[in-house]
Structure formats: structure tokens, C-alpha cells
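Remarks on the structure that follows.
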Amino acid sequence: MIIIKIAGLPIGIDNRYDYIERLAKDYLTDEPPVFTVRATDEQIRKEGECSECVFPDGYLESIVVYRNIAERLPFYDAFVFHGAVLNLDGEAYAFTAKSGVGKTTHTRLWLDRFGKRVHYLNGDKPIIRFFDGVPYACGTPWKGKEGYGVNERAPLRAIAFLGRGAENTASEVPADSVVTRLVTQMYLPKADARATVATMRLADRLVGCVRLVELKCNMDPSAAEVSYMAMRRNENN
């Protein structure tokens with residue numbers, strides 16, 4: 001068994017394979033866990049059957065474990081978000097998109113544009129958690145196949161929904177679809193209806209304090225500046 005600390009929460013993992021310990025080596029802690037999860041043989045088997053490729057059991061265990069963690073997070077004002085998060089000048093900017101749209105390409109444009117001011121906080125599955133009413137993006141060991149990310153957290157400034165476009169444009173996400181668009185990128189618990197309800201409430205809270213924008217971008221370097229300006233804008237500017 002190991003204990004990791006993510007999003008400020010020490011969590012026990014009753015693991016059988018050392019893959020997850022290697023994966024989470026930067027997050028290990030000696031603090032007593034607030035809860036403990038494990039992957040059953042049946043869950044690992046089903047995960048393997050659902051995968052398009054053949055993966056080692058240790059890898060499959062890590063996927064199931066993170067899903068089981070996600071089932072519990074809403075009770076701690078937190079949820080797993082599907083997207084890449086950059087830390088620029090101490091603030092977090094999240095980018096989400098359908099597979100193949102160019103999320104990694106766009107975030108790399110930010111790295112080229114802003115240099116040492118910016119780095120990946122998490123490249124794929126960060127946790128967003130409210131601390132004293134403020135949403136923070138938090139690094140996790142689960143950070144995508146590229147492995148982009150670090151063990152840190154930063155206040156979440158904005159979320160961008162990326163799409164392809166011939167020109168670089170930015171607009172507000174329509175009010176009548178903003179919660180729906182957001183929820184599709186959040187992990188919704190299935191085992192406990194209370195956790196599902198709690199997640200929806202977190203979505204409503206997030207809409208009230210984080211800027212949500214829709215970006216249509218190409219691969220021109222100017223796309224980084226367009227999206228940055230859109231995500232920085234607020235009602236007082």
C-alpha cells in the first residue's frame with residue numbers, strides 16, 4: 001500500500017503492482033489517508049477488455065485506481081477534469097477539446113510565446129478543487145502519454161474550449177450551454193448519486209468564478225496571444 005497526496009488530499013492506494021508507485025513517486029506522503037481505494041480483479045479485467053490495445057495489469061490497475069479516486073473527490077469539493085493545464089505567472093489556464101483537435105499543439109504555442117513564464121501543470125487529467133471558495137487546478141500523476149506535469153497547484157483563471165478554425169477567434173461560451181459544455185469534460189461519478197449531485201453543484205460554482213471561452217484556432221503562433229487575451233479578459237477590463 002502507498003499513500004499519495006494530490007489536491008491537498010492524502011489518499012491511500014491498496015495496490016498490487018509497483019507500476020502505480022513509480023507513476024506517483026513525486027506524490028508519495030506519510031500522512032494518514034482521508035480514504036483508501038483499490039482496484040479489484042474484476043475491475044482490472046474489465047478495463048483490459050475495454051482497451052483497444054493490450055496493456056500490463058499494473059497500468060490497468062492505475063487507470064481503475066484513478067477512476068475510483070474520482071468517485072470520491074466530489075465529497076471534498078473536487079473533481080477530475082479532462083484537459084491540459086498551463087501555469088502562467090502563477091495562474092492556471094485550462095484547455096479542453098475533442099481528441100485530435102490540437103490541444104497539445106495549441107498549448108505548445110503558449111510555451112513558445114511565453115517562454116520561462118509558463119509550464120505544464122498537467123497535460124491530461126488534473127484535479128480541480130475549491131480551497132476557501134477559490135478553484136485551483138492541481139497536478140496529478142495521471143498526466144497523459146507525454147507525461148507533462150508537475151506536483152503543484154495554482155488558482156484557475158480560465159477554461160478554453162478549443163476548436164479548429166481558419167482564423168484565430170475567441171468568444172464567450174453561450175450562457176444556455178455553458179454548464180453542459182463544462183460537465184462533458186468533468187468526471188461524473190457513477191457509483192453514488194450523492195457524488196453526482198455534488199459534481200453538478202461544483203460545476204455551477206465554477207461557472208460563477210472562472211472565465212469560460214470558446215476558441216477557434218489555427219497553428220499560427222499568433223493563436224497563443226489571441227487565446228491568452230481572451231482568457232485574461234474580465235468584466236472590469
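Read-outs: derived from the displayed coordinates by stated rules, not from any lab. This structure is a prediction, so every number in the text was calculated from the model and none was measured. Counting neighbours? That spans all protein chains shown, and the Cβs are built from the backbone with ideal geometry, glycine included.
Summary of computed values
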| read-out | value |
| --- | --- |
| Cα-based Lys proximity count in region 79-232, under 25 Å, for pairs eight or more positions apart or on separate chains | 20 |
| The chain, relative contact order in percent, only Cα pairs under 8 angstrom and at least six apart counted | 19 |
| Mean separation of Cα contacts under 8 Å (6+ apart) over length of region 160-237, as relative contact order % | 53 |
| Cα gyration tensor shape for region 198-237, rounded if a/c is under 1.5, else prolate or oblate | oblate |
| DSSP bridge pairs, region 79-232: antiparallel proportion in percent, nearest 5 | 70 |
| Trypsin sites (Lys or Arg not before Pro) restricted to region 143-237 and DSSP loop, no more than 16 other C-beta within 10 Å | Lys145, Lys190, Arg233 |
| GNM result for the chain, Cα springs below 10 Å: residue of Gly144, Gly48, Gly123 fluctuating most strongly | Gly48 |
| Considering only region 2-76, percent of DSSP beta bridges that pair antiparallel, nearest 5 | 65 |
| Point-charge dipole on Cβ atoms (K/R +1, D/E -1) for region 79-232, about Cα centre, debye to 20 | 340 |
| Cα-centred dipole magnitude for region 74-127, charges only on beta-carbon of K, R (+1) and D, E (-1), debye, nearest 20 | 240 |
| Note, ³J(HN,Hα) from phi for region 114-123, Karplus 6.51, -1.76, 1.60, rounded to Hz, x at Gly and Pro | 9, x, 5, 6, 10, 7, 6, 8, 7, x |
| Value of relative contact order over region 105-228, rounded to a whole percent, pairs C-alpha under 8 Å and six or more apart | 30 |
| The chain, helix-only ellipticity at 222 nm - DSSP H runs n ≥ 4, -39,500 (n - 2.57), divided by all residues, nearest 500 | -10000 deg cm²/dmol |
| Around Ala195: net Lys/Arg minus Asp/Glu count, Cβ-Cβ under 14 Å | +2 |
| Net lengthening on full extension, Glu172/Arg38 (0.36 nm per residue, minus Cα-Cα) | 44.2 nm |
| Arg16 long-range amide H proximity, modeled H, under 5 Å | none |
| Two-site label geometry, Glu49 and Leu28: point separation in nm, points 7 Å out along Cα→Cβ | 3.5 |
| Extension reserve of the Arg164-Arg16 stretch, reckoned as 0.36 nm per residue once the Cα distance is removed | 49.0 nm |
| Ranked Glu42, Glu47, criterion: other C-beta atoms within 10 Å, fewest first | Glu42, Glu47 |
